[in-house]
1. Report the residue count in the stretch 74-89 for those that are part of a strand (DSSP E or B) and open to solvent by less than 20 Å² (accessible area, probe 1.4 Å).
2. Within the stretch 46-69, does at least one residue satisfy the condition of being surrounded by fewer than 16 Cβ atoms within 10 Å (Cβ to Cβ), closer than 19 Å to SER123 by Cα, in contact with a Phe, Trp or Tyr (Cβ under 8 Å, 6 or more places away or on another chain) and touching a residue at least 12 places away in the same chain (Cβ under 8 Å)?
3. Please work out which one of (1) over 17 Å from VAL121 (Cβ atoms); (2) assigned to a loop (DSSP other than H, G, I, E, B); (3) open to solvent by 30 Å² or more (accessible area, probe 1.4 Å) is the condition PHE28 fails and give its number.
4. Anything in the stretch 79-118 that is hydroxyl-bearing (Ser, Thr, Tyr) and within 15 Å of GLU45 (Cα to Cα)? List them, or say none.
5. Among the residues of the stretch 90-115, which ones are buried (at least 22 other Cβ atoms within 10 Å of the Cβ) and aromatic (Phe, Trp, Tyr)?
6. Tell me, please, whether a residue that is in a loop (DSSP other than H, G, I, E, B), over 25 Å from ALA13 (Cβ atoms) and either in contact (Cβ under 8 Å) with a residue 12 or more places away in the chain or not aliphatic (A, V, I, L, M) (or both) can be found in the stretch 91-100.
7. How about the stretch 48-66: which of its residues are closer than 17 Å to ASN76 by Cα and in contact with a Leu (Cβ under 9 Å, 6 or more places away or on another chain)?
8. What's the number of the condition GLY15 fails, among (1) part of a strand (DSSP E or B); (2) over 11 Å from the mean Cα position of the chain (by Cα); (3) in contact (Cβ under 8 Å) with a residue 60 or more places away in the chain?
Amino acid sequence: VQLQASGGGLVQAGGSLRLSCAASRRTFSSNAVAWLRQAPGKDREFVAGISWRGGTTLYDDSVKGRFTISRDNAKNTVSLQMDSLRPEDTAVYYCATATGPYGSRQLGAYRIWGQGTLVTVSS
């Protein structure tokens with residue numbers, strides 16, 4: 001599986017962005033998928049995850065109520081709708097797959113396949 005994240009950019013605080021993750025070479029419809037992020041000078045962290053059919057979603061407390069993860073297995077894509085963005089959301093965002101149908105909030109449950117997309121939120 002090769003994943004390509006896109007949709008990042010520069011936005012003012014309070015604004016919105018929608019990130020997309022597209023899979024090529026092979027479907028990821030049997031795998032949980034997550035968005036992870038890494039801010040400058042900080043460790044990578046879990047943001048949101050979704051189970052293989054989309055029935056279960058997980059969020060870090062810092063984004064709960066502001067971000068929404070979704071997936072379309074027919075199109076082999078996973079999206080992250082980010083609303084009410086804050087400067088502390090500035091980071092490179094990566095999409096990653098779990099080895100099985102359900103993930104967790106643990107970074108070790110996921111494998112990042114491609115380069116991330118940069119989100120910059122100005123104050």
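1. Number satisfying all stated conditions: 4.
2. no
3. Every listed condition holds for PHE28 apart from (3).
4. THR90, TYR93, TYR94, THR97, SER104, TYR110, THR117
5. Result: TYR93, TYR94, TYR110.
6. Yes, the conditions are met somewhere in the stretch 91-100.
7. Those that are closer than 17 Å to ASN76 by Cα and in contact with a Leu (Cβ under 9 Å, 6 or more places away or on another chain): GLY49, ILE50, SER51.
8. If we test GLY15 against (1) part of a strand (DSSP E or B); (2) over 11 Å from the mean Cα position of the chain (by Cα); (3) in contact (Cβ under 8 Å) with a residue 60 or more places away in the chain, just (1) comes out false.
The values are calculated or read from the model by the stated rules, or taken from the named source; none is laboratory data. If you're wondering where the values come from, they're calculated on a predicted model, not measured in any experiment. Every residue, glycine as well, gets a Cβ built from its backbone with ideal geometry; the counts of neighbours run over all protein chains shown. Note: accessible area is taken over every heavy atom of the protein model, side chains too, but ligands, DNA and RNA are not part of it. Shrake-Rupley method; radii C 1.70, N 1.55, O 1.52, S 1.80 Å.
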